[in-house]
Amino acid sequence: MQNCKKDSKNLKKKLTKEKYNKMNGNASRPENENSTEVEDYSEEFPDFKKVVQKKVSRLCSQEGLYRRFPVLKWLPSYKTGYIIADFVAGLTVALTVIPQGIADAALAGLEPQYGLYAGFMGCFVYFFFGSTKDLTIGPTAILSILTFTIVAKLNADLAVFSTFISGSIILGLGILNLGFLMQFLSVPTITAFMNAATVTIASGQIRRLLGISSGKTNQFVDAWVNLFTYIEETRWQDTLLGVVSLVLLIAAKKWSMRNKKSLGIRYLSISRNAIIVFGGILIAYICHKFYSFQPFLITGEIASGFPSLSLPPLSTTNNGTYYNFSDMLSTLGLSTFSLPLISVIEAVAIAKSFNRGKSLDVTQEMIALGLCNIFSSFVRSIPITGSFTRSAVNNASGVKTQFGGIYTGAVVLLSLGLLTRTFEYIPKTSLAAVIIAAMFTMMNFGEVMTIWRTKKIDLVPFMGTFIISLLFGLDMGILVGAGIDILMSVYRTSRPHITYIVDDMFLIIKPRQNVIYSSAEYVKEKIIKKINENDHLKYVVIDGHNMCWTDLTTIKNFATVVDDCNLVERTVYFWNWVDEMRNGILRYDPKYKSVFKYSESLKELTEMLRQEDEKFITNL
């Protein structure tokens with residue numbers, strides 16, 4: 001605030017008074033308040049025709065096409081030297097997405113092939129519409145655990161339906177340029193949700209890590225209840241393989257962090273998920289083929305071949321009951337809103353983290369994500385979004401452009417046609433280890449201390465989101481967190497901080513933020529209360545430096561302050577109010593024109609009022 005004041009003073013010295021007033025929206029105010037010139041303070045309506053023409057012309061311009069189709073901008077400048085880098089990155093990401101996709105399908109309570117269906121179409125669509133080269137679109141553990149509740153309500157058709165609905169909502173929000181709505185989610189809320197998601201997902205995988213097949217659930221409380229209920233079903237072979245796999249995954253990650261300069265170690269770490277999974281496949285296959293026994297619980301049969309291209313299921317039948325579009329939509333319940341919300345949170349947060357130093361077009365990312373989900377629903381995909389793990393692998397592999405996604409999608413498609421028989425031998429405990437290891441990298445409980453040190457009140461949305469997410473589910477948690485953020489924001493705007501200065505017969509009042517309809521009555525009550533506490537006051541000066549926008553409720557309340565003070569022989573002045581505020585009050589009633597005062601400093605104003613007061617007394 002001090003720096004702003006210094007900058008303002010320096011600016012006044014450099015500019016003429018006329019130019020300074022023009023910059024601050026005061027150019028239309030006459031210098032001589034006693035001038036007979038008729039002042040125009042009418043409100044101008046926007047020319048909607050010009051606004052629409054401007055929007056259309058921008059959309060049809062080269063810049064607009066580049067913004068909505070980023071591929072048109074980067075593809076013509078694509079260099080042949082990028083081919084190898086993009087291929088290596090795409091292949092490496094594919095080797096990560098295949099085991100993770102199969103694991104995510106298990107998280108969603110679906111057959112393994114659904115995870116692979118979700119792993120390729122998003123890559124192809126993002127190639128055309130995505131603006132961030134590092135971001136990879138596909139299935140994620142967080143969305144899969146939300147999909148699990150959807151599948152439990154009905155069947156796999158509802159999961160594919162949710163992909164289509166979620167994509168449509170995200171696309172609609174992007175087209176309407178409503179990306180700013182994401183700003184209503186605070187960092188503590190998002191951090192709490194991500195931490196709760198990692199804890200919930202990791203908890204749900206403990207039983208698979210131990211080889212327990214009973215008690216299928218992915219909710220935090222139920223996962224631990226089932227674990228202790230069926231603990232006697234623990235299989236030592238699965239436990240041994242799972243624990244060893246988990247230790248190796250974590251060790252490989254730490255090893256690569258300590259040896260960042262070694263290219264071989266880096267690629268070994270990047271491929272660690274694929275190595276662990278294929279190692280488990282090899283052990284399971286050898287035991288089955290040569291020793292005729294299977295020591296582990298394995299994934300089992302996976303439907304081979306490419307998925308058929310068809311419309312997403314807008315109706316379905318389950319246990320002899322027919323569900324039409326509206327029935328399926330109502331069955332989704334809270335997931336109708338939570339799925340697109342969480343999808344956008346994940347994708348935008350990841351894109352921002354890899355877009356350092358560059359501005360991110362959130363609207364375009366929402367459009368791209370929406371289209372990725374819509375097109376993916378045509379190939380029986382579960383909901384998809386940006387994956388932090390695979391985006392990090394993509395970045396570490398040295399990807400140059402979005403072309404890396406084409407290679408990723410192609411490899412996933414090839415695996416569907418050629419490797420599904422091999423994937424049948426994947427031990428479930430290996431997939432559990434892959435998921436748990438990925439969750440370790442996403443946990444960020446150190447943020448709690450940052451919140452405590454920086455702003456303790458932000459622990460309210462953090463704890464609220466975290467606890468509700470663990471106890472009642474992730475979809476409920478993020479919605480409650482968003483509600484807490486909005487309520488706190490509304491409370492802050494409705495209770496602005498006000499500075500009071502009592503100097504002799506003057507009361508100077510300065511709201512520290514803009515006053516709008518939600519805070520107008522509160523500000524009025526505070527002003528009247530302060531006036532009543534100081535009987536000797538004669539002048540009430542309301543400083544308008546921090547107020548730049550108004551509404552009818554605010555105008556009426558300030559007008560009432562003037563009228564009420566006049567009744568008790570106190571004069572109110574609005575000091576240095578911008579034209580937006582001033583003209584609004586004058587449109588309400590021109591009689592308040594004399595209330596507005598302007599001066600270079602508060603001292604100048606008080607001296608002027610004292611002189612006027614002395615003249616008035618002398619004339620009497």
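The values are calculated or read from the model by the stated rules, or taken from the named source; none is laboratory data. None of the values given here were measured: they were computed from a predicted structure. A quick note on method: Cβ atoms are made from the backbone with ideal geometry, for glycine too, and the neighbour counts reach across all protein chains shown. For accessibility, only protein heavy atoms count, side chains too; no ligands or nucleic acids. Shrake-Rupley method; radii C 1.70, N 1.55, O 1.52, S 1.80 Å.
General observations
- Residues of region 196-206 satisfying the condition of being under 20 Å from VAL243 (Cα atoms) and open to solvent by less than 20 Å² (accessible area, probe 1.4 Å): THR198, THR200, ILE201, ALA202, SER203, GLY204, GLN205
- Within region 601-620, no residue that is at positive phi and open to solvent by less than 100 Å² (accessible area, probe 1.4 Å) sits with its Cβ atom under 9 Å from a residue that is among the β-branched types (Val, Ile, Thr) and modelled with pLDDT of 60 or more at 6+ positions apart or across chains.
- Of the residues making up region 351-364, at least one is open to solvent by 50 Å² or more (accessible area, probe 1.4 Å), polar (S, T, N, Q) and out of contact with any Ser or Thr (no Cβ under 9 Å at 6 or more places or on another chain).
- Subset of region 227-243 [surrounded by fewer than 16 Cβ atoms within 10 Å (Cβ to Cβ) and in a helix (DSSP H, G or I)]: PHE228, THR229, ILE231, GLU232, GLU233, TRP236, THR239, LEU240, VAL243
- Condition met for ILE436 (touching an Asp or Glu at 6+ places or on another chain (Cβ under 8 Å), open to solvent by less than 40 Å² (accessible area, probe 1.4 Å) and either part of a helix (DSSP H, G or I) or at positive phi (or both)): no
- When THR336 is tested against (1) free of Cβ contacts under 8 Å to residues at least 40 places away in the same chain; (2) under 21 Å from LEU479 (Cα atoms); (3) of a type in the set (S, T, N, Q), just one condition goes unmet, and that condition is (1).
- Members of region 82-141 that are among the charged types (D, E, K, R), open to solvent by 20 Å² or more (accessible area, probe 1.4 Å) and under 26 Å from the mean Cα position of the chain (by Cα): LYS133
- Of all residues in region 310-335, those satisfying the criterion of being of a type outside the set (Phe, Trp, Tyr), farther than 28 Å from VAL412 by Cβ and either open to solvent by less than 60 Å² (accessible area, probe 1.4 Å) or in a helix (DSSP H, G or I) (or both) are SER315, ASN318, ASN324, SER326, ASP327, LEU329, SER330, THR331, GLY333.
- Among (1) open to solvent by less than 20 Å² (accessible area, probe 1.4 Å); (2) at pLDDT below 90; (3) of a type outside the set (D, E, K, R); (4) closer than 12 Å to ILE509 by Cα - the single one LEU537 does not satisfy: (4)
- Residue check for VAL541: part of a strand (DSSP E or B) and under 15 Å from TYR500 (Cβ atoms): yes
- Residue list for region 366-401, restricted to those being over 12 Å from GLY138 (Cβ atoms), open to solvent by 10 Å² or more (accessible area, probe 1.4 Å) and in a helix (DSSP H, G or I): ILE367, LEU371, ILE374, PHE375, PHE378, ALA392, ASN395, ALA396
- Evaluating ASP563 against the criteria (1) farther than 19 Å from PRO511 by Cβ; (2) part of a helix (DSSP H, G or I); (3) within 47 Å of the chain's Cα centre (by Cα); (4) in contact (Cβ under 8 Å) with a residue 60 or more places away in the chain leaves one unmet condition, (4).
- Enumeration of residues in region 280-309 that are open to solvent by less than 50 Å² (accessible area, probe 1.4 Å), touching a residue at least 12 places away in the same chain (Cβ under 8 Å) and part of a helix (DSSP H, G or I): GLY280, ILE281, ALA284
- Subset tally (residues that are surrounded by fewer than 24 Cβ atoms within 10 Å (Cβ to Cβ) and under 27 Å from PRO99 (Cβ atoms)) for region 161-189: 1
- Only a single item in (1) assigned to a helix (DSSP H, G or I); (2) open to solvent by 70 Å² or more (accessible area, probe 1.4 Å) is not met by LYS216, and it is number (1).
- In summary, TRP224 fulfils each of the numbered conditions (1) outside any helix (DSSP H, G or I); (2) surrounded by 15 or more Cβ atoms within 10 Å (Cβ to Cβ); (3) within 36 Å of the chain's Cα centre (by Cα) with the single exception of condition (1).
- Any hit, region 259-274, residues being modelled with pLDDT of 85 or more and open to solvent by less than 80 Å² (accessible area, probe 1.4 Å): no
- Exclusive hit being touching a residue at least 12 places away in the same chain (Cβ under 8 Å) and touching a strand residue (DSSP E or B) at 6+ places or on another chain (Cβ under 8 Å), set LEU146, LEU158: LEU158
- GLY417 vs. criteria open to solvent by 10 Å² or more (accessible area, probe 1.4 Å) and touching a residue at least 60 places away in the same chain (Cβ under 8 Å): yes
- Remark: pairs (first residue in region 315-326, in contact (Cβ under 8 Å) with a residue 60 or more places away in the chain; second residue open to solvent by 90 Å² or more (accessible area, probe 1.4 Å) and in a strand (DSSP E or B); Cβ separation under 9 Å; 6+ apart in sequence or on different chains) = THR316/TYR322.
- Restricting region 569-594 to residues that are among the basic types (Lys, Arg) and surrounded by fewer than 17 Cβ atoms within 10 Å (Cβ to Cβ), the residue that is farthest from MET608 (Cα to Cα) is ARG587.
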